[in-house]
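Asks: The structure follows.
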Amino acid sequence: MQDLFGNPTEAGRSGGVGQHLPPASEQADQAAVPLAARLRPTSWADVLGQGHLLGEEGPLWSALHGGRLPSIVLVGPPGTGKTTIARLLAEAQSAHLVSMSAVSAGVGDVRRVVTEAGQRQRMAQRTLLFLDEIHHFTRTQQDALLPHVESGLLTLIGATTENPSFQLTGALLSRLQVLDLRPLIAEDLSQLLDRALSDSARGIGSRRLRLDDSGRELLVRRCGGDARAMLNALERAAEGVADGAEIPFAVVRQALNSPHLLHDRAGDLHYQILSAFIKSMRGSDPDAAVYWLARLLESGEDPLVPARRMVILAAEDVGLADPQALQIAVAAHQAVAAVGMPEGRLPLAEAAIFLALAPKSNSAYRAYSLAAEDVAEHLQLPVPFHLRNAVTARDRQRGFGQGYQYAHEDPAGLVDHDHLPAEIRDHRYYQPTDRGREPEMRKRLDSSNARREVLDPSEGMNQQPN
């Protein structure tokens, strides 16, 4: 197990690890260290974009100046400074910092950290445990941390890109302060580019390279707020360019020719993009619908996922305003299953645009919800006698089927009797809107309701059989 800087941890080791990286002359191969790692801030004043946490009004201001540090979890996208903030907090606290990745660490590693922390505590030294990707810890592993975080033996600094409310147990979450990091904005990223180009010791300033405005804008825009991704692209673009020259725009673009779209098939971003996709179609915005569909598909999402969502939306949000919508959504789902990708993008895009522009009605959804409420409220209401099939002679003797009207015998195809149990005979679930096809359906419904008469209970159609 290693601390944040790759040094082996030892039981009883004295002194904090809050020290700057060794100078270049003491490093075996400084050139092999990625630019993003070399430019990691060494003081809180150098951290960009997180003033809401590190500024005078921020929750970490006191801890960065030697005040008490509670156990925290840092939540934010990649490349926003979670590891850097953990390091700076350890320096400010004069604490021993142990860094682990939850991807590879287990309960045994936690126990070793606890043992060493107990030995340090006897020498009046605190232990900070930085647990990267904490959302990968299982419930059992998280439970192993609880008593030691509770007692203060360990000050936990968790880092995650996921929603901690879903990924961390309630018991552990109640002992942590959740702090959200923000993606870096264009001004922050441009400032970081200036540092990289001008810093001779840690950046590439000794090469006196330059970026034109178009190259700078492309790097900033395509990194998605991820400082590490931007610096990695800059480092690739700088390779092979002569010292003192301007990095050509084409070279910058080539360094970004395979941009990484953030996406996770079970995390927050997955559901956020799906939500935006659905709400864009519901809101009749075909451009936004196609954009969010492309975000899903270009990041490698299973195409059947948005296809299934469109089938649901066609029934829930377009509904009877345009019954053809469900047919198109189901056809798109079947087409994708049949032809796969990348051709499957076309039927999906066609369906998304159609659904976005279709008239909207959730009357079927509302009708079912109201009917389900009555089912739950009244439970097993008897089926009216006139709606029961008279299969046997005894059924006919008891009155099953008496008074039932066969709709096809009426010129208008309508009947006069009710179809609901007597207790809810006057309940109405379907309320058509004035959009799309539903005004036509409203006329049909009004005609049907007008023909329906309240039957005399003495006729026995709704009485419970003996």
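We did not get these values from a lab; they are worked out from the coordinates using the rules stated. Computed from a predicted structure; not experimentally measured. Reconstructed Cβ throughout: ideal geometry from the backbone, glycine too, with neighbour counts over all protein chains shown.
Asks: Multiplying the sequence separation of GLN191 and ASN163 by 0.36 nm and subtracting their Cα-Cα distance, what value in nm do you get?
Replies: 7.2 nm
Asks: Please list, by residue number, everything in the stretch 397-423 whose backbone N is under 19 Å from a paramagnetic label point 7 Å out along Cα→Cβ of HIS378.
Replies: 401, 404, 416-423, by backbone N distance to the label point.
Asks: So what's the chain giving for Rg/Rh, alpha carbon basis, Kirkwood Rh from the mean inverse pair distance?
Replies: 1.17
Asks: If only Cα atoms are counted, what is the Rg of the stretch 24-180, and what is its Dmax, in Å?
Replies: So, for the stretch 24-180, Rg and Dmax equal 15.7, 48 Å respectively.
Asks: Let me ask another. Can you tell me the length gained on complete extension of the stretch LEU146 to LEU173, counting 0.36 nm per residue apart and subtracting the Cα distance?
Replies: 8.7 nm
Asks: Which value results when the Cα radius of gyration for the stretch 186-255 is divided by 2.2 N^0.38 Å?
Replies: 0.97
Asks: Please report the relative contact order for the stretch 186-255, taking Cα pairs under 8 Å with a sequence separation of at least 6, and give it as a percent rounded to a whole number.
Replies: Averaging sequence separation for qualifying contacts and normalising by length gives 34 percent for the stretch 186-255.
Asks: In nanometres, what is the gap between the two model label sites at LEU304 and VAL107, each 7 Å from Cα along Cα-to-Cβ?
Replies: Rounded to a tenth, the inter-label distance reads 3.6 nm.
Asks: Taking amide H positions as placed 1.01 Å from N in the peptide plane, with prolines and chain starts having none, which residues 5 or more places from SER99, or on another chain, fall under 5 Å of its amide H?
Replies: ASP3, LEU4, PHE130
Asks: Nearest 5 is fine: what % of DSSP beta bridges in the chain come out antiparallel, could you say?
Replies: 10 percent
Asks: Quick one: if you stick a label point 7 Å off each Cα along the C-beta vector at GLN272 and VAL241, how many nm between them?
Replies: Roughly 3.1 nm, to one decimal.
Asks: Another question about this same structure. In nm, to one decimal, how far is the ARG444 label point from the ARG345 one, both placed 7 Å along Cα→Cβ?
Replies: Between ARG444 and ARG345, the simple spin-label model gives 4.0 nm.
Asks: Relative to the present Cα-Cα distance, how much length would full extension add between ALA337 and ASP213 at 0.36 nm per residue of separation?
Replies: Additional length available on full extension: 40.2 nm.
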